[in-house]
1. For the range 58-132, what percent of Cα pairs sit more than 20 Å apart?
2. At a 1.4 Å probe radius, which order do Asp187, Asp322 fall into by accessible area, largest first?
3. Where does helix 148-158 land angle-wise versus the long Cα axis of the chain, in degrees 0 to 90, nearest 10?
4. What does the charge count around Met99 come to, taking other residues whose C-beta lies under 10 Å from its C-beta (Lys +1, Arg +1, Asp -1, Glu -1)?
5. One quarter of the convex hull surface, Cα atoms only: what value does that give for the range 203-376 in nm²?
6. Would you tell me the accessible area of Phe325, worked out with a 1.4 angstrom probe on the heavy atoms of the protein chains, in Å² to the nearest 10?
7. Where the only charges are on Cβ atoms (+1 Lys, Arg; -1 Asp, Glu), what is the dipole of the range 283-386 about its Cα centre, to the nearest 20 debye?
8. How would Met123, Met1 line up by accessible area, probe 1.4 Å, largest first?
Amino acid sequence: MDIQTIREKFTKHLGGEATAVYASPGRINLIGEHTDYNGGFVFPGAVEQGMICAFRPNGTRVIRAYSVDLKDYDEFSLDNPAGPHASHFRYVFGVACEMKKRGVDVQGFDTAFAGDVPLGAGMSSSAALESTFAFAINDQFGDNKVEKMELAKAGQATEHNYIGVNCGIMDQFASVFGKKGHLMRLDCRSGEFEYFPWNPKEYRLVLINSRVKHELVGSPYNDRRRSCENVVAAINAKFPELKAETLRDCTWDHLEAVKDTCDPVDIKRAKFVLGEVDRVLAVSDALERGDYETVGQKMYETHYGLSRDYEVSCEELDFLNDVAFDCGVTGSRIMGGGFGGCTINLVRNNLYELFTTTVVERFAEKYGKKPVVIPVVIGDGSRRLA
Ligand code: GLA
């Protein structure tokens, strides 16, 4: 949605004129899945699709919010800890509370917001919403004194404290820090990151949305995290001097040493995580050399790991991956948390038409509905538009 349209929606549903407009994107992730809450590496980039909001401080203690996409209005006080009921408003309320905790004197405001990140596609529509409001509140009430990484953490804490998803930092980080034409490699243990220009001449990235709704709330996502924590606890019990905080601090030998005392399912998941940390580093090296075939091969390895060991795939995503492989696509895998959503595919330009047509046809034949082809364009992170 453009600036003019969101302003008009604001005027229609809240009255008067908005005084500012903000936006934040969704994200893709090249590789490094379920590694963020394990202190490992991720390789995301922001996309052009995102969330936009028109904003105006209202001089009260109440937030009055209108969701354009859901045609839903609510108002809720900053001083009532219960907050609103509907999750799309809980994100806004949660971010406001988290920004207060970070020292911002948050006041009431009126807002209308809308987005074009497909919901439930694993492209982080919720992080886009959180980052939009964290950025807006920092700009409007905090003189931009809260650091960008802290804005991302306010979004993540919103998921933990107001939504119930114990997510890592990747999605909010990518949304806040995104940069046109660049992917980012983030070390989730140290918080250090680098921008990598993304301009392969002979390849393109494309998402295929299975349209199986991915929903992390109440999903086995939190169980996966718990499995990893169980293994870290077992390793710390056996090697107290290690003081491991996450699986990133553990080695294959540590894992081997506790494998008989842990639940085999937890061990299988931990193995995936250690493998995934190694794969992100291999992909970084391959990118430095311009070796996209290796990048693609690692993507397939990630898919198999996510499907067989981490068990976050589903039949439709495995099917999309198989079709990609059959078509000779360079790399393909589940993207994001899993349990539905998209695959991300690294495709040679000369195969692009063939792949995108074939995958739509074959999927529709089998499941009776067409998957959605989403070409990836790497865009900018959180910003004020007007
Ligand atoms: C979701 C979470 C992220 C990350 C991914 C899996 O998108 O929000 O923190 O854990 O799943 O990589």
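1. Working: 784 of 2775 pairs.
Every Cα pair in the range 58-132 considered, those over 20 Å come to 28 percent.
2. On the way: Asp187 25, Asp322 80 Å².
Reading off the accessible areas and sorting them downward yields Asp322, Asp187.
3. For helix 148-158, the angle is close to 90 degrees.
4. Working: positive: Lys100, Lys101, Arg102; negative: Glu98, Asp105, Glu150.
Taking every other residue near Met99 into account, the sum is 0.
5. Answer in nm², one decimal: 11.0.
6. So the heavy atoms of Phe325 present about 120 Å² to solvent.
7. Working: 11 positive and 16 negative charges, 92 e Å.
The calculated dipole for the range 283-386 is roughly 440 debye.
8. Numbers: Met123 0, Met1 95 Å².
Reading off the accessible areas and sorting them downward yields Met1, Met123.
The values are calculated or read from the model by the stated rules, or taken from the named source; none is laboratory data. Quick caveat: nothing in here was measured; it's all calculated off a predicted structure. Cβ: placed from backbone, ideal geometry, glycine included. Neighbour counts: every protein chain shown. Ligands, DNA and RNA are stripped out before the accessible areas are found, and what is left, the full protein with its side chains, is counted by its heavy atoms. Shrake-Rupley method; radii C 1.70, N 1.55, O 1.52, S 1.80 Å.
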